[in-house]
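Read the structure below first, then the notes.
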Amino acid sequence: MSPSRAVFTTRGLGRAVLCTCLLATRGASGQASVPVHTAETGMTAQFRPIRYLEDYDHLAASPRRSAWEAIKYVALWPGAYVSFGGQHRLRYELVDPEALGIGPERATSSALFVRNLLHADIHPVPHMRVFGQLGSFYALGIPSEHTGPPDVDVADVTQLFIEARASLGRAQVTSRAGRQEMSLGSTRWVSTRDGTNVRQSFDLARVTITLDRVLAVDTFVGTVPELRRGAFDDAPDGRNGFWGTYATVAILPDKLLSADGFYLGRRRDASYGRVSGRETRHTLGLRLFGETAFGLEYIAHALGQVGTIGDASVRAWGLATGLWQRLPGPLSPVRIGLRGDALSGDRRPDDGTVTTFHPLFPNQTFFSALPAIYPTNLYDLHPLLRIQADAVTLEGGCAFFWRQSVDDAVYAPPGSPLVPAGATRARYTGAQLSVGLAYKANRHLGFNAEYVHIYAGKAITDAGGVDVDFFGTWTTYTY
C-alpha cells in the first residue's frame, strides 16, 4: 500500500468511525461522559504520564507556592509563557537467568538504568504551542556490545512538535505535527513503553476532535523513529509506517458503558518463522469498558488483523478482557481482578497465510515489570489483588501462559521467537508470579519495587529453559 493510499484509507475510516459514534451519542444521556483516552488523562499528584497534556494556564493569576512551581509558568509577553519540567529515574534490575535460561550461556543480568528527561512547553500565542523534550538514557553494568535501544541512547530529541487548537461549535480540534508520545485507550496496543529505559515516540501528523466530553476521535499518520544509541541520531524511518483512527464514545451515563472503535495500520519489515518480508497489516478493533456503582470495573477488546507479508496473506485475531471489583465498606482499599487474553498463533506455517497476532506497540509491563513473554500466540489468565491506601499501593498476581498454537513459537519482546516453532509440542508455557510495592512520598518523588518469579512450563523446559527470578526497584523524581 502506498503512503498516499494509506492516508486516504485512514481518512475514510476516520469519517466512518466519526459518523458511527455521533449516531451512538444521540441515544445516550446528556450526562454521559467518558475520560478521553484514559491512560493519557490519568494524573498522579498533578503530573501526567504524557507531559504535554499538563496545563498551567491557571498559574498566570496565582501566587507561586514553591520554587518548582515558578518554572511552570514563566511569562514571556502578554498572553505568552513557557513552562519547564523534567523527570529523572534510576532503575535497578536483577534477572537470573536472562532469556529464561535458553541459549548457550545462562547469564545473570544486573544493571542500573538511568533516564533523564527535560522539556520546554512554549505558548507564544493563544491556542498554539511548541513542545520539545530532550532525553538521555544509560545502562550501567551491561557490556556495551549487549546494549542498544531501548536501553541506551546518549542524547536525543524524544519529542518536538507544534500544536494548534481551535473551536468549531461544540467541537474542540487539536492538531499536532512532529515527534510525540501517544497512548491510546487502555495502552494495551499503543503505549509509551514506560517500563523500558527509552520511551516510545512517533513522528506523526495528528488531529484530535472532542465533542462535549462525549466523543473523541484521534486520526494520525506517520512513521516510527529508528532508535540509535548515539547523540541526536534517531531519524524518521520511512520504512516503518504507522497510521490510524481511534474513537471513544460515551454510551451510558456515570461511566457505566463507553466504547472505543479503532483502525490501526502498520508497514514494516517483519519475520514470522519461515515467512519474512515487507508487511502491511491492518488492525480493526472494538473496546467496551465501564464502571458500576457497586465498584465493578470491566474491559473487553476484540481485534481482527488482515494484510500481507511478502507473498503471504495475514489473518489474525485477538481477544482481551479484564474485571476489577472493589470490596465494600472497610475493605474499600482492596480490589480483586482477573485478566485474560487469547491472541492467535500460526497453525500452518507453510499454507501461505500468517495467523500470528501482532500487538503493535504494547504496554510491555502489562503482566509484570519483567517483560519475558510477548503478547502473541498466547492464552493467558491473570488473577490479581491490589491494596491502595493513601500513598502506598501493593499489588500481587500470577499470570498463567499457554501457546494458542503449538505449531508457532513462544515469543519474547520485541516479538522475536524465544522457543522456535517445532522445538516442542507442549502448550503450557509457564506461570509468572509477581508482587509489587509503590510508595508516593510526595507529588514529585516516588519509589517502586517488584519481585517476579517465573515457573517454567514444559514449552520452556523442552527448549532448555529454567525458572527465572527478577528483582527491580526504581526511584522517580518528576517536576
For a quick size check, give me the Cα extents of the stretch 90-149 along its three principal axes, largest first, whole Å. 59, 18, 18
Simple spin-label model, 7 Å along Cα-to-Cβ: His88 to Val406 in nm? 5.4
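Report the full-extension gain for the segment Thr292 to Asp351: residue separation times 0.36 nm, less the Cα-Cα distance, to one decimal in nm.
16.6 nm
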Compute the signed sum of charges (Lys and Arg +1, Asp and Glu -1) over the other residues within less than 15 Å, Cβ to Cβ, of Tyr272. +1
What is the list of residues in the stretch 149-167 whose amide nitrogen lies under 14 Å from a point 7 angstrom out from the Cα of Arg228, following Cα to Cβ? 149, 153-157
Unit charges at the beta carbon, dipole of the stretch 334-387: most positive-side option, Thr355, Leu370, Ile336: Ile336
Between the modelled labels at Ile387 and Arg278 (7 Å from Cα along Cα→Cβ) the distance in nm is 5.6
Rounded to the nearest 0.05, what FRET efficiency is calculated for Trp317 and Met128 with R0 set to 60 Å and r the Cβ-Cβ distance? 0.90
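With a sphere of radius 10 Å drawn around the Cβ of Gln200, what net charge do the other residues whose Cβ falls strictly inside it have (Lys, Arg +1; Asp, Glu -1)? Please report the intermediate quantities before stating the final value.
Numbers: positive: Arg193, Arg199; negative: Glu181, Asp194.
Here the count lands on 0.
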Determine, for Met128, Met182, the number of other Cβ atoms within 10 Å of each Cβ, and report the residues in order from fewest to most. Met128, Met182
Between Arg239 and Ser271, what length in nm is gained on full extension when 0.36 nm per residue of separation is reduced by their alpha carbon distance? 10.1 nm
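If the chain between Gln325 and Asp57 were fully stretched, how many nm would it gain, using 0.36 nm times the residue separation less the Cα-Cα distance? Present the calculation step by step, with values, prior to reporting the outcome.
Details: separation 268, 0.36 × 268 = 96.48 nm, distance 3.70 nm.
Full extension from Gln325 to Asp57 adds 92.8 nm.
Under a Cβ-Cβ cut-off of 10 Å, what is the net charge of the residues other than Gly290 that fall near it, where Lys and Arg count +1 and Asp and Glu count -1? Display every interim value, and only then the final one.
Details: positive: Lys255; negative: Asp254, Glu291, Glu297.
Net local charge, Gly290 excluded: -2.
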The base-10 log of I(q)/I(0) that the Debye equation returns for the stretch 3-478 at q = 0.07, 0.12, 0.14 Å⁻¹, one scatterer per C-alpha, is -0.38, -1.23, -1.74
Cross-link partners of Lys440 among lysines (Cα-Cα below 22 Å; sequence separation of 8 or more within a chain): Lys72
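The numbers here are math on the coordinates, done by the rules we state, and not lab data. All of these numbers come straight from a predicted model, not from anything done at the bench. Reconstructed Cβ throughout: ideal geometry from the backbone, glycine too, with neighbour counts over all protein chains shown.
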